[in-house]
Amino acid sequence: KFIEIQGGLLQPVSNEENVVLERVRGHGEPLPKSMMDQRERELARGLVTRGLLTRIMVEDKLCFLVNDLEEIWEN
């Protein structure tokens with residue numbers, strides 16, 4: 001699966017990464033890091049580095065938020 005981020009860059013995402021993206025998106029608001037297990041945290045860190053997730057502070061809690069994404073192709 002490929003995701004297009006702002007600026008037209010394509011980022012491939014694995015099935016595991018896609019599960020994390022969908023979990024954060026489905027939460028409806030920023031997802032606190034404390035609600036994620038260790039593997040999800042590591043995947044989220046990588047997604048932040050690639051521009052697919054954003055880390056923000058909400059009420060002294062580190063949270064993740066999905067950037068504006070556009071799915072353009074699926075396997």
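One line per residue, one yes/no per condition, for (1) assigned to a helix (DSSP H, G or I); (2) closer than 16 Å to F64 by Cβ:
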| site | (1), (2) |
| --- | --- |
| E4 | no, no |
| L10 | no, no |
| E16 | yes, yes |
| V20 | yes, yes |
| R23 | yes, yes |
| E29 | no, yes |
| R39 | yes, yes |
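Among the residues making up region 52-69, those that are more than 20 Å from K1 (Cα to Cα) and open to solvent by less than 40 Å² (accessible area, probe 1.4 Å) are C63, F64. Answer yes if at least one residue in region 38-51 is modelled with pLDDT under 90 and open to solvent by less than 70 Å² (accessible area, probe 1.4 Å), and no otherwise. Yes, the conditions are met somewhere in region 38-51.
The values are calculated or read from the model by the stated rules, or taken from the named source; none is laboratory data. In this text, all values refer to a predicted model and were calculated from it rather than measured experimentally. When we count neighbours, we look across all protein chains shown, and the Cβ atoms used for this are built from the backbone with ideal geometry, even at glycine. In case anyone asks, the SASA skips ligands and DNA or RNA and just uses the protein heavy atoms, side chains included. Shrake-Rupley method; radii C 1.70, N 1.55, O 1.52, S 1.80 Å.
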